[in-house]
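The values are calculated or read from the model by the stated rules, or taken from the named source; none is laboratory data. As the structure is a computational prediction, the values presented were derived from the model and not from experiment. As a convention, Cβ positions derive from the backbone with ideal geometry for all residues, glycine included, and neighbour counts pool all protein chains shown. Heavy atoms of the whole protein, side chains included, go into the accessibility calculation; ligands, DNA and RNA do not. Shrake-Rupley method; radii C 1.70, N 1.55, O 1.52, S 1.80 Å.
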Amino acid sequence: MTNNYCAYIRVSTSSVEQINSFESQEFYFKNLKGYEIKKIYADKGITGTSMKKRDAFNEMLHDCGLDVKQIDGKQIYIASKREPLYNYILVKSTSRFARNIMVIDVIRELRKKNVYVIFLDININTSDLNADLSLQIFMTLDESESVSKSSAIKHGKKTAAKRNSLGWSRKVYGYNYDKTTKTVTINNDEANVVKMIFNMYINGDGTKTIANYLNNNKVKTVSGKEWRYEVVSKILKNEKYIGNVVRLRITTNNIFDRDVVLNSEEDYIRIENAIPAIIDKDIFYKAKELMNSKIHFVNGIKIGLKTKIK
C-alpha cells in the first residue's frame, strides 16, 4: 500500500512572532525530504489546550476517518466507517499537535483506521504500540507547561487587580476613558440617561418599557444601536455606576475546555470608589433588591426570581 501523508501545523497567537513561526513550519513541511505530503492542515492563533475551535485539526481528523461527537459537553473523536484519505499525519512536535493528554484517545481511534501520527522532534511513530508510554510522558509535560502558564496568567491578573488596575477594555455607557492617562470621567449626557433608567425602574417601569421609551426618544446605546431589555438590565446590575470596579468575575472552567463560568463572589476583586459615581448607592441597591424580588411566569406558573443578582 502506498503511504499517503498529510501534515499539521499550529501557532497559538496571531502575533508577528507566531506568524513567522507559522511560516517557518509551513516552509519546513514543504521542503521535508523523504515524504510526499498531500496536504498541510493549518490553524492560526488557536490554543493547543482545546480542540473545539481548531477547524483545520478537526477537518484533518475527519479526512483521516474520525467523526466528532459531543458527549456530556466533551468533544469526542470516534472511528467512522469512512475510508481515510491518509495513513500518516506528520507533526513537528507534540505541543503543535495538542497540549492535552486526552489526545492519546484520538491516537487510539486513528489506529483503528490504520492512521498513524509521526512526531518528528522526538522520532515517535504511533504505529509502534510500545511508543505510547513515551508519548504519554511528553504529552503530560506539555499539559503541565500549559497549566503552569495558565496559573501564572491568573495570578498576574489578580495582582494587577489588587494594584487598582481598572481593567477598562471597552466603552461603558455613561463614562469616558482616556487610554493615555488611564483615567475615567463622567459623560454627562449618557449619565443623565443612566439616572433616568434607574429612576424609571425603581418607580415601577420594567426593563422592556424602559428600552421602548429610550428607542422612541431616539436614544442610542453605547454602540449606536437600539436598546434591548437585556442591555437595560445590565446597566441596572453594573456596580460601576456607584463607583465600584469589580474584577475577575469570570474565569474558564479549565484550560482545556475553555468554557467561561462565573467565579464565586469571594474570588472577585472589588475596588470601591475607583471611579466617579453616577448613581447613589441607596438607589442602586433599591433597584437590585427590586430586581431580586421580581415575579416571573414560567410555562404559566408564577414564580419568584431567587437568583442572586451580582
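Summary table below
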| read-out | value |
| --- | --- |
| Hey, LYS149 modelled with pLDDT under 95, within 17 Å of VAL245 (Cα to Cα), assigned to a helix (DSSP H, G or I) and of a type outside the set (Phe, Trp, Tyr) or not | no |
| Close pairs (6 angstrom Cβ cut-off, 6 or more residues apart or separate chains): over 15 Å from VAL231 (Cβ atoms) in the range 192-215, of a type in the set (A, V, I, L, M, F, W, C) anywhere | ILE202/ALA287 |
| So VAL194, is it touching a helix residue (DSSP H, G or I) at 6+ places or on another chain (Cβ under 9 Å), modelled with pLDDT of 90 or more, of a type in the set (Val, Ile, Thr) and not in a helix (DSSP H, G or I) | no |
| Test: residue in the range 91-105 that is open to solvent by 60 Å² or more (accessible area, probe 1.4 Å) and not in a loop (DSSP other than H, G, I, E, B) | yes |
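Residues checked against (1) surrounded by 11 or more Cβ atoms within 10 Å (Cβ to Cβ); (2) within 28 Å of the chain's Cα centre (by Cα); (3) modelled with pLDDT of 50 or more:
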| site | (1), (2), (3) |
| --- | --- |
| TYR229 | yes, yes, yes |
| ILE242 | yes, no, yes |
| VAL260 | no, yes, no |
| ILE271 | yes, yes, yes |
| ILE279 | yes, no, yes |
| GLU289 | yes, no, yes |
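Quick grid of which residues meet (1) modelled with pLDDT of 70 or more; (2) within 28 Å of the chain's Cα centre (by Cα):
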residue: PHE97; (1), (2): yes, yes
residue: ASP105; (1), (2): yes, yes
residue: LYS112; (1), (2): yes, no
residue: VAL115; (1), (2): yes, no
residue: LEU120; (1), (2): yes, no
residue: ASP128; (1), (2): yes, no
residue: ILE137; (1), (2): no, yes
